[in-house]
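Since every read-out is calculated from the coordinates, none of them should be taken as a lab result. Keep in mind the model is a prediction, meaning the values are calculated, not measured. Cβ placement follows ideal geometry from the backbone for every residue including glycine, while neighbour counts extend to all protein chains displayed.
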């Protein structure tokens with residue numbers, strides 16, 4: 001949808017494409033019904049939830065979440081930033097309020113929380129955002145005149161099926177370790193490891209999402225161009241923006257690891273500093289794997305994504321099987337995940353360089369590292385008995401320094417993309 005968004009909008013066919021897309025979303029939502037039924041009836045999944053609720057919540061949440069994740073970002077794609085921000089905030093706050101009210105009125109059960117978060121309020125958001133977007137686009141179409149050719153379906157399959165396969169291996173790379181660690185090391189070790197890795201990965205995900213919202217609309221607009229050089233330049237510009245932002249963030253958060261745990265977790269997890277550092281650099285390589293992968297979207301050649309993610313997925317499975325059997329140490333898990341994500345990032349860059357001329361800004365790394373030296377001062381306080389307020393204050397000071405580097409010293413034109 002993102003890759004073709006601007007060309008469909010330029011042709012005045014966006015609402016027509018949304019109409020066709022709706023049948024796909026309906027089909028995927030309906031597909032969840034027999035899957036949930038079989039998993040619940042024969043495999044004991046969702047055993048505490050009635051069949052009706054399990055099926056209904058699954059199908060409705062898939063349908064409404066997909067449309068929320070399509071319509072609200074569409075406002076950002078047409079650079080209607082204010083309405084995009086308002087709809088995003090209203091959706092989050094409204095869903096939270098709906099969940100709280102349902103729990104207070106009916107019962108403090110998970111199904112009511114889920115119903116409020118992913119169904120009740122999102123139904124309102126989907127309807128309102130659809131009609132608002134349609135009023136902005138001012139396009140009309142006759143559903144009876146829409147024709148989908150066999151060639152269009154082939155092109156769609158050629159783009160999406162490799163993405164589906166790559167996504168499966170991406171899951172092996174990023175999430176399969178949880179089941180292996182629980183089996184071999186136990187639930188307690190999994191909890192400590194997962195929290196340590198999840199804290200920085202959540203921060204990176206938020207930062208990545210923010211930069212995608214700011215820069216991706218113009219990026220997709222630039223690659224919607226028949227000129228190969230224009231697409232190559234758009235890809236390299238994206239790399240030039242993301243690299244310093246996430247390289248500096250990685251050093252900042254690595255040095256702030258114990259303070260992150262103090263602020264965001266309970267005392268049970270204060271000893272997970274090493275896992276936070278693993279998580280930071282795992283997230284760094286994951287972000288750049290994602291950035292490289294946008295090139296496959298640019299060139300409509302998503303089959304090139306399969307091999308790197310397959311390498312990463314299998315390296316996690318094989319690495320954990322071999323090394324956990326020998327060491328039974330959760331540090332081993334961090335090393336395997338880090339090495340696997342590094343391999344995927346390097347292999348992905350190699351694969352994408354065959355499509356578009358791109359390079360890592362090696363000459364600038366020394367400059368970025370020079371700017372990052374003050375972050376290492378945080379390490380001086382690692383052994384101190386610091387409280388939450390001190391941790392917040394220290395991270396706030398170095399966070400301001402991080403913003404100063406990004407916005408002033410490196411002069412990344414973040415705000416220019418809002419106009």
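Does the stretch 37-108 classify as rounded, prolate or oblate by the C-alpha gyration tensor (a ≥ b ≥ c root eigenvalues; a/c under 1.5 gives rounded; else a/b over b/c gives prolate, otherwise oblate)?
The shape class here is oblate.
Using only helices, what value at 222 nm comes out for the chain when you add -39,500 (n - 2.57) per DSSP H run of length 4 or more and divide by the total residues, to the nearest 500 deg cm²/dmol?
Only helices count here, giving -26500 deg cm²/dmol.
Over the chain, what relative contact order in percent results from Cα pairs under 8 Å that are six or more residues apart?
RCO, the chain: 19 percent.
If packing is taken as the average count of other Cβ atoms within 10 Å, what order do 330-339, 377-386 fall into, highest mean first?
330-339, 377-386
Counting other C-beta atoms within 10 Å, which of 10, 301 has the fewest, and how do the rest follow?
Final ranking by Cβ density, sparse to dense: 10, 301.
Say each of residue 51 and residue 35 gets a label point 7 Å from the Cα, pointing the same way as Cα to Cβ; how far apart are those two points in nm?
2.0
If you average the alpha carbon positions of the stretch 223-267 and of the stretch 283-304, how far apart do those two centres end up, in angstrom?
14
If you rank 409, 3 by fewest surrounding Cβ atoms within 10 Å, what's the result?
Sorted ascending by nearby Cβ count, the order is 409, 3.
With the chain treated as a Gaussian network of Cα nodes joined by springs under 10 Å, which of 98, 310, 354 yields the largest mean-square fluctuation?
354
Using the 10 angstrom Cβ neighbour count as an exposure proxy, how do 288, 43 rank, fewest first?
Ranked by crowding around the Cβ, least crowded first: 43, 288.
Is the stretch 2-139 rounded, prolate or oblate when judged by the Cα gyration tensor, a ≥ b ≥ c being the square roots of its eigenvalues, rounded requiring a/c under 1.5 and prolate requiring a/b larger than b/c?
Oblate.
Assuming R0 = 45 Å, can you tell me the calculated FRET efficiency for the pair residue 151 and residue 92, based on Cβ-Cβ distance, to the nearest 0.05?
In this case the efficiency is close to 0.65.
Have a look at 45, 239, 165 and tell me which one the Gaussian network model of the chain (Cα, springs below 10 Å) gives the largest fluctuation.
Of the options given, 45 has the highest mean-square fluctuation.
In a Gaussian network model over the chain where Cα atoms closer than 10 Å are linked, find which of 326, 234, 249 has the largest mean-square fluctuation.
Highest fluctuation of the listed residues: 326.
By how many nm would the segment from residue 108 to residue 171 lengthen if fully extended, with 0.36 nm per residue of separation less the alpha-carbon distance?
19.5 nm
Determine the shape class of the chain: with a ≥ b ≥ c the square roots of the Cα gyration tensor eigenvalues, call it rounded for a/c under 1.5, and otherwise prolate if a/b is greater than b/c, oblate otherwise.
Taking the square roots of the gyration eigenvalues as a ≥ b ≥ c, the chain is rounded.
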